[in-house]
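Novice: The structure is given below, and queries will be raised subsequently.
The values are calculated or read from the model by the stated rules, or taken from the named source; none is laboratory data. Worth saying up front: this structure is predicted, and the values here are computed from it rather than measured. Here the Cβ is made from the backbone with ideal geometry for all residues, glycine too, and neighbour counts use every protein chain on show.
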Amino acid sequence: DPVAGEITPRPQDPSQATYCRQITKADGEIDWQRPAIQIERQIRAFTPWPGSYTFWKGRLLKIGRVRVRPDLQAPPGRVIPIDRGAAVGTGEGALMLLEVQMEGKRMMPIEAFLNGHPDFLGATLGREV
């Protein structure tokens with residue numbers, strides 16, 4: 001029982017080790033086609049570096065904290081209103097945005113961001129094609 005401290009530590013076998021390539025800033029770009037749970041895990045894993053981001057109106061938008069909403073559906077990348085905030089459609093479910101940061105600005109709660117950017121609701125996030 002590991003909780004009771006009844007576990008015997010043993011060294012890892014170096015021949016069984018696996019390695020990941022070096023993570024770059026580009027790895028933080030969000031692919032809204034992926035399921036919400038995978039994107040949420042990416043955001044947590046890449047905080048604080050390299051951070052997770054998307055694009056809105058051609059500008060970089062960092063995504064801070066999010067909450068998975070499997071009950072919501074919207075086209076991938078589409079911003080929809082939810083409660084007093086916003087959620088983004090993904091390949092499976094949606095992500096409720098809790099904090100975002102426009103390039104050159106501070107990270108802020110989504111409610112504050114929406115006060116200054118009401119046109120964010122209904123937008124489609126991602127690289128413009």
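Novice: Ile80 versus (1) in contact (Cβ under 8 Å) with a residue 40 or more places away in the chain; (2) in contact with an Asp or Glu (Cβ under 9 Å, 6 or more places away or on another chain); (3) surrounded by 15 or more Cβ atoms within 10 Å (Cβ to Cβ); (4) of a type in the set (Val, Ile, Thr): which is the lone unmet condition?
Specialist: Looking at each condition in turn, Ile80 falls short on (2).
Novice: Still on this model: Going by what's in this entry, would Gly28 be described as within 16 Å of Phe113 (Cβ to Cβ) and free of Cβ contacts under 8 Å to residues at least 60 places away in the same chain?
Specialist: Values: within 16 Å of Phe113 (Cβ to Cβ): no; free of Cβ contacts under 8 Å to residues at least 60 places away in the same chain: yes.
It is false that Gly28 is within 16 Å of Phe113 (Cβ to Cβ) and free of Cβ contacts under 8 Å to residues at least 60 places away in the same chain.
Novice: Mind checking which residues of region 1-36 are at pLDDT 90 or above and surrounded by 10 or more Cβ atoms within 10 Å (Cβ to Cβ)?
Specialist: Once the filter is applied, which keeps residues that are at pLDDT 90 or above and surrounded by 10 or more Cβ atoms within 10 Å (Cβ to Cβ), region 1-36 yields Lys25, Asp27, Gly28, Glu29, Ile30, Asp31, Trp32, Gln33, Arg34, Pro35, Ala36.
Novice: Let me ask something additional. As an exercise: evaluate Val129 against (1) β-branched (Val, Ile, Thr); (2) modelled with pLDDT of 95 or more; (3) out of contact with any helix residue (DSSP H, G or I) (no Cβ under 8 Å at 6 or more places or on another chain) and give the number of the one condition it does not meet.
Specialist: Failing condition for Val129: (2).
Novice: Here's something else I'd like to know. Yes or no: region 15-25 includes at least one residue that is part of a loop (DSSP other than H, G, I, E, B), under 18 Å from Leu97 (Cβ atoms) and among the hydroxyl-bearing types (Ser, Thr, Tyr). Write out each step before concluding.
Specialist: Initial filter on region 15-25 (part of a loop (DSSP other than H, G, I, E, B)): 17-24.
Still in the list and also under 18 Å from Leu97 (Cβ atoms): none.
Within region 15-25 (the criterion being part of a loop (DSSP other than H, G, I, E, B), under 18 Å from Leu97 (Cβ atoms) and among the hydroxyl-bearing types (Ser, Thr, Tyr)), the answer is no, since none of the residues qualifies.
Novice: Looking at Ile39, is it aliphatic (A, V, I, L, M), without any contact (Cβ under 8 Å) to a residue 40 or more places away in the chain and surrounded by 12 or more Cβ atoms within 10 Å (Cβ to Cβ)? Can you show your working first?
Specialist: Details: aliphatic (A, V, I, L, M): yes; without any contact (Cβ under 8 Å) to a residue 40 or more places away in the chain: no; surrounded by 12 or more Cβ atoms within 10 Å (Cβ to Cβ): yes.
Against the criterion (aliphatic (A, V, I, L, M), without any contact (Cβ under 8 Å) to a residue 40 or more places away in the chain and surrounded by 12 or more Cβ atoms within 10 Å (Cβ to Cβ)), Ile39 does not qualify.
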